[in-house]
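Take a look at the structure below.
The values are calculated or read from the model by the stated rules, or taken from the named source; none is laboratory data. None of the values given here were measured: they were computed from a predicted structure. Cβ: placed from backbone, ideal geometry, glycine included. Neighbour counts: every protein chain shown.
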Amino acid sequence: MKNSTQRVLTTHVGSLPRPPDLLAMILAKEQGQPFDAELYESRVKSAVAEVVRRQAESGIDIVADGEVGRFGFIPYVNERLAGIEPRKSAGGSGSWSGSREHLAFPEYYQWAAQMPGAAGRALPTRWVCTGAISYRGRDALQRDIANLKAALAEVTCEEAFMPAVSPTNLANWNGNEYYKTEEEFRVALADALHDEYQAIVDAGLILQIDDPQLASHWAMHPEIDLVQCRKWASATVEVLNHALRGIPAERIRYHTCYSINMGPRVHDMELKHIVDIMLGVRAGAYSFEAANPRHEHEWRVWESVKLPEGKLLIPGIITHASNLVEHPEAVAQRIGRFAAVVGRENVIAGADCGFASFSTSCEIHPSVVWTKLAALAEGARIATKELWGRA
């Protein structure tokens, strides 16, 4: 994994808006409606080429396939696992119901649920574990890898990464009717996901682990206290490290965040309460929220927390939580703060979260997403001039 040795490198978290025609096919596939599978595969390939090209044109150094062929950053993998089957969802009030945020601001979340593209709505499909879990997604994964590599051959960039969901997020998403305990369930998922993780690295790509649950669990579970939450988080990191066994840490970047919540977010877990546990993940770089108004101040956590030798930070320098486009000079200032406390070579400028973590979520307009990425790249150039004395 490259670091910012000569200049400030830029990246993002992974998911980017899907083209409308591809989105229609993704939704038809998810809802069990007829769709042209051959046309779908062809369109995914061309969409990956488009999204990689646009990242490069925007000035992003470390690119991804935008997850454009996936319904969402979690459920995509269920089709790649034996022992997991889809069922029609019974509906419900969405993922934030019962959270600390929902209890504090019920009127807001009732209002927000009616907005077009609102995140957290109940999805039409519920996946349930009904048998022994194993990985059977090698062909689908190799198609993803081939699509990304074909796109990379047409652009100039520093390197590429591919996101994959963490065992804990997948266990939280799915029901379990087979394993005796939730711990057994998570370990089984970890063993299966190890195959996907290893294959991504073997293909020469950087593996990104998507694990918003680490930071989001606190807000989602008002019945627990901080000690209990930290104990839970530590256990999930143990399971993740089991899934990452044998994979070089320098080929792994880890991402956590506070999920897709455009609300007040006054109950977000503070970074200072979880940073030591996050650093326990066997990864070479750590991606987290740092650009939005709830977390921008947390760069100061790194004044007292020592970044381990050889590790990198990928702080959010632009946010997914606002259509406001960050000014490049503000971007440069944010980069400069982190560079001052952990060293310029240890900072890669990133985003708070994905811009379309689910294909149906559209909190940020696609045109704004690309403008934000361009502002990130321009701000990194300004920061490079300030930190290295050259453009």
Enumeration of residues in the range 147-170 that are among the hydrophobic types (A, V, I, L, M, F, W, C) and touching a residue at least 24 places away in the same chain (Cβ under 8 Å): LEU148, ALA150, ALA151, LEU152, VAL155, CYS157, ALA160, PHE161, MET162, ALA164, VAL165, LEU170
Residues located in the range 221-248, provided they are crowded, with 18+ Cβ neighbours inside 10 Å and in contact with a Gly (Cβ under 8 Å, 6 or more places away or on another chain): VAL237
Near pairs, Cβ below 7 angstrom, 6+ apart or cross-chain, from the range 325-339 (farther than 15 Å from GLU303 by Cβ) to any residue that is part of a helix (DSSP H, G or I) and basic (Lys, Arg): VAL325/LYS372; GLU326/LYS372
Matching entry among GLU270, GLU238, GLU298, GLU303 (being within 27 Å of ILE200 (Cβ to Cβ), among the acidic types (Asp, Glu) and at pLDDT 95 or above): GLU238
Failed item in (1) surrounded by fewer than 16 Cβ atoms within 10 Å (Cβ to Cβ); (2) part of a helix (DSSP H, G or I), with LEU22 passing the rest: (1)
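To keep it simple, each residue is scored yes or no on (1) part of a strand (DSSP E or B); (2) charged (D, E, K, R); (3) out of contact with any strand residue (DSSP E or B) (no Cβ under 9 Å at 6 or more places or on another chain); (4) buried (at least 21 other Cβ atoms within 10 Å of the Cβ).
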| residue | (1), (2), (3), (4) |
| --- | --- |
| GLU250 | no, yes, no, no |
| ARG253 | yes, yes, no, yes |
| CYS257 | no, no, no, yes |
| ASN261 | no, no, yes, yes |
| HIS267 | no, no, yes, no |
| ASP276 | no, yes, yes, no |
| ALA283 | no, no, no, yes |
| ASN292 | no, no, no, no |
| HIS297 | no, no, yes, no |
Number of the condition not met by MET162 [criteria: (1) assigned to a strand (DSSP E or B); (2) surrounded by 24 or more Cβ atoms within 10 Å (Cβ to Cβ)]: (2)
Qualifying residues in the range 139-156 (those that are out of contact with any Gly (no Cβ under 8 Å at 6 or more places or on another chain) and buried (at least 17 other Cβ atoms within 10 Å of the Cβ)) - the one nearest to ASP65 (Cα to Cα): LEU148
Restricting the range 169-188 to residues that are of a type outside the set (Phe, Trp, Tyr) and touching a strand residue (DSSP E or B) at 6+ places or on another chain (Cβ under 6 Å), the residue that is nearest to GLU238 (Cα to Cα): ALA188
